[in-house]
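Contents: one structure, followed by commentary.
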Amino acid sequence: MKRVRVGAPARGSTSGRPIMLLLDLLGRRTALRILWELREGKPLTFRALQDAAETNPSVLNARLAELREVQIVAHAEGGYSLSPLGRELLGHLVPLHLWSERWAKALAGSARAR
């Protein structure tokens, strides 16, 4: 998969704008799941993260390499965790998660009303 670089075009865009790069990165298989599994702040080993994210080692390894390269995930002695930038990003994703829950309920309600 193409490396994420600021200023370089992302999938679906030729601009290289940071938001497009971020959406490309987060849209890659298991990327959001990794962030979600690391949300508690407790470092996870590769094996624990693989089990939690329900993915295979090659996909997990590729995503972790990408997320580490762009400073969203960090690796230390205890395992993988969100970096300060990763925690900040997650803080912006939580409201989107809450909105999506309300949205799903609204859609389910309108489907029952038909």
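Every read-out reported here was derived from the displayed coordinates using simple, explicitly stated rules and does not represent laboratory data. What you are looking at is a predicted structure, and each value in this text was computed from that prediction instead of being measured. Positions of Cβ are generated from backbone atoms using ideal geometry, with glycine treated the same way; all protein chains shown enter the neighbour counts.
Quick notes on this one:
- Residue in the stretch 62-84 that is assigned to a helix (DSSP H, G or I), free of Cβ contacts under 8 Å to residues at least 12 places away in the same chain, within 17 Å of Leu21 (Cα to Cα) and of a type in the set (Gly, Ala, Ser) present: yes
- Among residues of the stretch 25-61, those that are assigned to a loop (DSSP other than H, G, I, E, B), under 16 Å from Leu93 (Cα atoms) and of a type in the set (Asp, Glu), counted: 1
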